[in-house]
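This report concerns only the one structure given below.
The values are calculated or read from the model by the stated rules, or taken from the named source; none is laboratory data. Owing to the predicted nature of the structure, the values given are computational and were not obtained by experimental measurement. Reconstructed Cβ throughout: ideal geometry from the backbone, glycine too, with neighbour counts over all protein chains shown.
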Amino acid sequence: MPNHKHNDTRLPPAPDLADVFRAYPVGLTGLLAYHDALLRGESPLTVAQRELIAAFVSGLNACGFCLGSHRIIAEAFGIDPALVDRLLADVDTAPVEPPFKPLLKLVAKLTRSPASVRAADREAVFAAGWSERALHDAVAVCALFNFMNRLVEGMGVVTSPAIQAAQRARHARGALADSPTPYQDYGRRIGVLHNDG
C-alpha cells in the first residue's frame with residue numbers, strides 16, 4: 001500500500017536529471033562527492049580514460065542521456081567522440097591503446113553479465129600492466145554508471161540536441177576541466193548542494 005505521507009509532486013513528462021535531483025535530494029551530497037573522487041581524484045587512469053569508461057558503459061546500457069553527457073565530457077578531455085561508437089561495435093578493433101582493451105572488456109562483461117566475470121578477466125588486466133588500483137577504479141566507474149544509467153532511465157530522464165548543445169557550451173567554457181569538483185559544482189549550480197555541502 002502506498003505511503004501518502006511524502007510529497008506526491010510529479011516530475012515533468014520529460015525530466016532533466018536536475019529535476020530528479022531537486023525532487024529527491026537525499027544522499028546527493030555523498031553521490032556527487034563520489035563522482036568527483038572517482039572521476040577527478042588521483043588514479044592510474046586519466047580523467048579522459050575514466051570519462052570514456054563512463055560513456056562506454058552508458059552506451060552498452062543504451063542510456064542516451066548519460067552516453068551523450070559523458071561523450072561530451074570525454075571529448076573535452078581529448079577523446080574523439082566517434083571512439084565510443086567504435087568501442088561499442090568492437091573493442092578489439094577500436095583505436096585505443098592495446099593495454100586499455102582488457103579493462104574495457106572487463107567493464108563490458110561486468111555491465112552485461114556481472115556474475116560472468118572471472119579471475120582470468122582480472123589477470124588479463126594485470127598482464128597488460130595495470131595495477132589493482134587501476135582495476136578498482138575502472139570497476140568503480142563501471143558500477144557508478146550502471147547505477148546512474150538505471151536511475152536516469154527509471155525516472156524517464158531524456159536528452160535532446162538542445163540539452164547536449166548546452167552541455168557542450170558549458171564544457172567549452174572550461175566549466176569541467178578547470179575544477180577538481182565539477183560534479184559537486186553541478187549540484188550547487190542546480191541548487192541541491194550548498195557551499196558548505
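Residues checked against (1) closer than 21 Å to Y183 by Cβ; (2) not small (G, A, S):
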{"position": "A33", "(1), (2)": "yes, no"}
{"position": "E42", "(1), (2)": "yes, yes"}
{"position": "L45", "(1), (2)": "yes, yes"}
{"position": "I79", "(1), (2)": "yes, yes"}
{"position": "P99", "(1), (2)": "no, yes"}
{"position": "A108", "(1), (2)": "no, no"}
{"position": "A120", "(1), (2)": "no, no"}
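Give the stretch 92-126 a look and list any residue that's part of a loop (DSSP other than H, G, I, E, B) and more than 19 Å from A143 (Cβ to Cβ), or say none. Residues satisfying the conditions are D92, T93, A94, P95, V96, E97. The criterion of at least 2 residues that are among the β-branched types (V, I, T) and farther than 24 Å from L193 by Cα is met by the following helices (runs of 4 or more DSSP H) wholly inside the stretch 1-89: 47-60.
For the stretch 21-47, a residue qualifies if it is closer than 14 Å to I190 by Cβ and of a type in the set (S, T, N, Q), and exactly one does: T29. For the condition of a type in the set (S, T, N, Q), surrounded by 15 or more Cβ atoms within 10 Å (Cβ to Cβ), at pLDDT 95 or above and out of contact with any helix residue (DSSP H, G or I) (no Cβ under 6 Å at 6 or more places or on another chain), T46 does not qualify.
Residues that are outside any helix (DSSP H, G or I), touching a Pro at 6+ places or on another chain (Cβ under 6 Å) and closer than 22 Å to L31 by Cα: does the stretch 181-191 have at least one?
No - not one qualifying residue is present in the stretch 181-191.
Of everything in the stretch 97-129 that's touching a residue at least 40 places away in the same chain (Cβ under 8 Å) and buried (at least 16 other Cβ atoms within 10 Å of the Cβ), which residue is farthest from N61 (Cα to Cα)? Restricting to residues being touching a residue at least 40 places away in the same chain (Cβ under 8 Å) and buried (at least 16 other Cβ atoms within 10 Å of the Cβ), the top hit is F100. With the structure loaded, tell me whether L135 is of a type outside the set (S, T, Y) and under 20 Å from N61 (Cβ atoms) or whether it fails that test. No: the conditions fail for L135. Of everything in the stretch 127-155, what is within 19 Å of Q49 (Cα to Cα), under 22 Å from the mean Cα position of the chain (by Cα) and not in a helix (DSSP H, G or I)? Give them in sequence order. Within the stretch 127-155, W130, S131 qualify.
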